[in-house]
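Notes follow the structure.
The values are calculated or read from the model by the stated rules, or taken from the named source; none is laboratory data. Model, not experiment: these values are computed from the prediction. As a convention, Cβ positions derive from the backbone with ideal geometry for all residues, glycine included, and neighbour counts pool all protein chains shown. Remember, those area values only see protein heavy atoms, side chains included, never the ligands or the DNA or RNA. Shrake-Rupley method; radii C 1.70, N 1.55, O 1.52, S 1.80 Å.
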Amino acid sequence: MIRLALLRHGHTAWNRAGRIQGRTDIPLDDDARAQLGDLRLPQSWEHAHVVASPLSRAMETAQIVTGQTALAEPALMEMDWGDWEGAHGIDLKADPNSTFRDIEDWGWGYCPPGGESPGDLRARLQPWANALTHDTLAVCHIGVMRVLMGLATGWNFEGPAPFQIKRNRLFIIHIDDNNWRSDPSPLRLERRTP
């Protein structure tokens, strides 16, 4: 059995402003760097292979938390939001001409104009995860985490998700011969001791 731990990258200016980032390479902000600098992996994960989305916010989060340079993994790239990247979700939701909808109503096939669907992410993430041969920490994005956690919990982007993705926590998936299950509770990053 292989364990896959998912960690969401730290905050960026666009996160704080409610803008859709997708594949736009927005760096961590200074507050995120300071907060992450006080955190470390739990001891049980210190020897895991470390991979990250190639976007700078994920690569830097991995570096700060683990103290090592992660291997950039293209499969972990965030969902492509197409025409909606940089927009505010609240504005798209209020626009009657927009096809924007809440995540609970996506299904696997929902796709932003010019972007990717959760099913597109599943097609690139599932083979990558099934091919893992070592316990792995993946520093990535909320869209990627939702797809992987959906696969592990049976959630299909219809109705409320049976998990809530928060920062500074490891969401652990156990993969055994293509069978997936998630731990019921995420594992918090630990405080560094002076």
| Taking Cα atoms, how many degrees apart are the long axis of helix 142-153 and the longest axis of the chain, rounded to 10 and kept between 0 and 90? | 80
| remark: The size of the Cβ-based charge dipole (Lys, Arg +1; Asp, Glu -1) of the chain about the Cα centre, to the nearest 20 debye, is 540
| For the stretch 1-78, with equal point scatterers placed on the C-alpha atoms only and solvent neglected, what are the log10 I(q)/I(0) values from the Debye formula at q = 0.20, 0.26, 0.27 1/Å, to two decimals? | -0.89, -1.33, -1.39
| Accessible solvent surface per residue of the chain, calculated while the other protein chains remain in place, 1.4 angstrom probe, Å² | 48
| query | Where a ≥ b ≥ c are the square roots of the eigenvalues of the C-alpha gyration tensor, would you call the stretch 114-194 rounded, which needs a/c under 1.5, or, failing that, prolate if a/b is larger than b/c, or oblate? | reply | prolate
| message | Nothing charged except the Cβ atoms of Lys and Arg (+1) and of Asp and Glu (-1): what's the magnitude of the dipole of the stretch 72-184 about its Cα centre? Round to the nearest 20 debye. | response | 320
| Within the accessible area of the chain (1.4 Å probe), percent carbon and sulfur | 48
| Per 10 Å bin from zero, what fraction in whole % of the C-alpha pairs of the chain is there, up to the bin with the longest pair? | 9, 37, 37, 15, 2, 0
